[in-house]
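Beneath this line is the structure, given in structure tokens, with notes to follow.
The values are calculated or read from the model by the stated rules, or taken from the named source; none is laboratory data. Just so it is clear, the model here is predicted, and its values are computed rather than measured. In this analysis, Cβ positions are derived from the backbone assuming ideal geometry, glycine residues included, and neighbour counts consider all displayed protein chains. We work out accessible area using only protein heavy atoms, side chains counted, and drop any ligands, DNA or RNA first. Shrake-Rupley method; radii C 1.70, N 1.55, O 1.52, S 1.80 Å.
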Amino acid sequence: MSLMSQSIASGILIGGLYALMSLGMSLNWGVLKIINLAHFSFILLSAYVTYQLASVYGWDPFLAIIVTVPLFALGGMALQWAFERFRISEFESLLLTFGLFIIFESLATSVWSADFRRIDSAANPYASSSLTIGPISLSIPTLSAFVLAIGIAFGTRYLLEQTHFGRAVRALAHDREIAGAFGVNHRTVSMQLAGLAGAYAALAGVFIAMSSSLFPGIAVEWFGIVFSVVILGGLGSTMGTLLAGVIIGTVGAIATVVWGPSTAPLVVFLILIATLLFKPDGLLGAKGGI
Amino acid sequence: MTTTNRNTSLITLAFALVLWFMPSVRETLDFPVFFLLFGYSLFFWIAQASSWNTFTGFSGYFSFGQGAFFGAGVYSVAVLAVKRDWPLLFTFLVGGLVAAVIGLIIGVVVFRLRKLRGEIFALMTLAVAFVMASVARVSPAIDGGQGVPVNTVELPEFLGDFPTMIFRLGLIVATFAVITAQSVQRSRLGWGLFSIRDDEDVAETLGVPTFRFKITALLLTAFIAGISGAIHSLQIGYVTIEDVFSIRVPLFVILMSILGGTKHWMGPVVGAVVVVTLNDRLNRAGFQEISDLITGGLLILMIVAVKEGLYLRMRARPLRTAVGFTAGLVIGFALGALDESLITLVAYGLGIAVLAVMLPLSWFARSEPAVTDDVEEVASHG
């Protein structure tokens, strides 16, 4: 029983990380109508940059945030600029970023090789430390990712609901042309939002570098999880994404305990397919209801 | 202007018949065995890309599910021929049928839902491939995570030695795939699929049986991809889940079709020939790392700059294509490509020809008519 409660607790926490990985994807897709596979590359590269700073230059892994967040926020903005410049449709964005994804993966391979890389435990004291509550121990990197994911989800929700920027974003998500007629500059707003999404990818990458081993092919393995979370949560829905991340994390953990680790992806994909079939707008209802 | 009629298929068939005798005249003409294996590689990708395009290119429903159909074929041979000792040739057919059944299930479930169009459909097909990989991994009857050695299976003797056999099997499937694509393109089915691509709601209102057409096309795609995968299991030798269900097959069929153009059956063929030839030469020259880089870069370039694809571009600018190809051959010859292999020389020709037609129109376009999308549509439907 304690094994079960331990796994559920870890599943919930890892769900926070999933939500963090998926939030930017969801905003890009729901609001900007861009399916950005390069989002996965940003997470991967951010993780590698964190690894590089911590292992080679001896930085505290948390400090890597001050480098990766601005870097990938800029990356997101640059991409969005290019999408607008070449008038990329939703469909083409999927293909185009697929191309980018392959390029980034081969770049990562040429810089960091295809071998497993992990931050040395000397440079990363957090990996082995954990918080123990009764019979359950919670690893520090995933716990911090979880807390941060909650903070970011609520922060983004506040941003979208209460600020001028948020109202512009929601107007865009609803109807780009009408929003333009009412004075929303969609270029500026899109680039800001894409920058935000890039920053979220950077944060997710930092926590992944702290908690697991890296290799270039790992990014493909995130596809299933992240898409399941994004679809289950509903495109562009911050609270939905958070909830979906936790659900997917928990269900995966339970499946691992009950049927063995290799069944976890199967269960996740079945959830994805069921969502697409029965609740294509996501857990919390209508599309665009940010 | 009719570009695809019965004669096209007869010509294709005649061409295939000539190729059929390639292995027989190998010793007389004295070319290396490698040519046969390279030929198989071309046939395999032509079959995969053409089959993908028959559904996706014509209907506009973007599928990442090619890996699922291909994998169903590969594992049909691995399970039935290797583990159960079924006759090999029969398992090829079973592989196609298993893939078709999977296609049927996907179609019946997905096409009933209006919401599952566009990119959601794409993700759905990606998920199906992932699910199949997971099922194969956890079930020992299929794979169980260990991999299956297909190279132990006994090959039927009347098909000749391995290179001859795989060359001819590949040729049969590729010919079948191309002729299927041609027949679909000129049939009512093809017109229906084109109308679905343009506007499905309007098509339905006008009485196009969209559900039936989509299912039919998806079944054809899955069946061909399955048979082709089943034969390919012999080429792989030792099949593993990681290789079979990797993103490589869907990625390459998408790349080839987009590169060549999705609106005409010839597009995927051109795309497959260009990508396979250049990739093979780059790998042989020791540039494995940059071949992925080039693959990704080409995909981006095509989407941004050459939306109609190489084939329609080449047809619109035959002079430039011919000059580019000839220039490539000359350059390759001067650089001594022929000392290495005839394929290297052809690769130079193809590479330069592709670059030549990709260059912006305005560079030499003064005398060439501007090709709009509408004209292409008419041309490709004719």
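Of the set (1) open to solvent by 10 Å² or more (accessible area, probe 1.4 Å); (2) hydrophobic (A, V, I, L, M, F, W, C); (3) more than 14 Å from chain B (Cβ to nearest Cβ), all apply to A:Val220 but (3).
Taking the options A:Ser128, A:Ser110, A:Ser93, name whichever one is in a helix (DSSP H, G or I) and open to solvent by 70 Å² or more (accessible area, probe 1.4 Å).
Result of the check over A:Ser128, A:Ser110, A:Ser93: A:Ser110.
Just give me the residues in the range A:48-88 being part of a helix (DSSP H, G or I) and either under 24 Å from A:Ile231 (Cβ atoms) or of a type in the set (Asp, Glu) (or both), in sequence order. Full working, then the answer.
Residues of the range A:48-88 that are part of a helix (DSSP H, G or I), as a first pass: A:48-56, A:61-85.
Residues satisfying the conditions are A:Phe72, A:Gly76, A:Leu79, A:Gln80, A:Phe83, A:Glu84.
Residues in the range B:246-280 that are at pLDDT below 85 and assigned to a helix (DSSP H, G or I): B:Arg248, B:Leu251.
Scanning the range A:57-69 for residues that are in contact (Cβ under 8 Å) with a residue 40 or more places away in the chain, under 21 Å from the mean Cα position of the chain (by Cα) and surrounded by fewer than 17 Cβ atoms within 10 Å (Cβ to Cβ) returns a single hit, A:Phe62.
Take the range B:207-224 and flag every residue that is open to solvent by 60 Å² or more (accessible area, probe 1.4 Å) and either closer than 20 Å to B:Ala181 by Cβ or touching a His at 6+ places or on another chain (Cβ under 8 Å) (or both). Once the filter is applied, which keeps residues that are open to solvent by 60 Å² or more (accessible area, probe 1.4 Å) and either closer than 20 Å to B:Ala181 by Cβ or touching a His at 6+ places or on another chain (Cβ under 8 Å) (or both), the range B:207-224 yields only B:Arg212. In this entry, B:Leu251 is excluded by the filter for residues that are more than 14 Å from chain A (Cβ to nearest Cβ) and at negative phi. For the range A:158-176, filtering for residues that are within 21 Å of the chain's Cα centre (by Cα), aliphatic (A, V, I, L, M) and open to solvent by less than 40 Å² (accessible area, probe 1.4 Å) leaves 3.
Within the range B:128-142, the set of residues being open to solvent by less than 10 Å² (accessible area, probe 1.4 Å) and more than 9 Å from chain A (Cβ to nearest Cβ) comprises B:Ala136 only. The set of residues in the range A:210-224 that are touching a helix residue (DSSP H, G or I) at 6+ places or on another chain (Cβ under 6 Å) and in a helix (DSSP H, G or I) comprises A:Met210, A:Ser211, A:Ala219, A:Trp222, A:Gly224.
Here is a yes/no grid of residues against (1) under 12 Å from the mean Cα position of the chain (by Cα); (2) within 24 Å of B:Ala16 (Cα to Cα); (3) surrounded by fewer than 17 Cβ atoms within 10 Å (Cβ to Cβ):
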residue: B:Ser187; (1), (2), (3): no, yes, yes
residue: B:Thr205; (1), (2), (3): no, no, yes
residue: B:Gly226; (1), (2), (3): no, yes, no
residue: B:Ser233; (1), (2), (3): no, yes, no
residue: B:Ile241; (1), (2), (3): no, no, no
residue: B:Phe245; (1), (2), (3): no, no, no
residue: B:Leu255; (1), (2), (3): yes, no, no
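Quick grid of which residues meet (1) assigned by TED's automatic domain parsing to the domain that holds B:Val273; (2) within 23 Å of the chain's Cα centre (by Cα); (3) modelled with pLDDT of 70 or more; (4) over 19 Å from B:Gly271 (Cα atoms):
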{"position": "B:Phe325", "(1), (2), (3), (4)": "yes, yes, yes, no"}
{"position": "B:Val330", "(1), (2), (3), (4)": "yes, no, yes, yes"}
{"position": "B:Gly336", "(1), (2), (3), (4)": "yes, no, yes, yes"}
{"position": "B:Gly349", "(1), (2), (3), (4)": "yes, yes, yes, no"}
{"position": "B:Glu368", "(1), (2), (3), (4)": "yes, no, no, yes"}
{"position": "B:Val371", "(1), (2), (3), (4)": "yes, no, no, yes"}
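Against the condition at negative phi and in contact (Cβ under 8 Å) with a residue 40 or more places away in the chain, how does B:Gly190 come out, does it pass?
yes
Picking from residues in the range B:113-123 that are modelled with pLDDT under 80 and facing another protein chain (nearest Cβ under 9 Å), the one that is most open to solvent (accessible area, probe 1.4 Å) is B:Lys115. Checked against the criterion of being farther than 16 Å from A:Tyr200 by Cβ and out of contact with any strand residue (DSSP E or B) (no Cβ under 7 Å at 6 or more places or on another chain), the candidates A:Ser144, A:Ser130, A:Ser89, A:Ser139 yield just one match: A:Ser89.
The set of residues from the range A:231-265 being assigned to a helix (DSSP H, G or I), facing chain B (nearest Cβ under 9 Å) and surrounded by fewer than 19 Cβ atoms within 10 Å (Cβ to Cβ) comprises A:Trp259, A:Ser262, A:Thr263.
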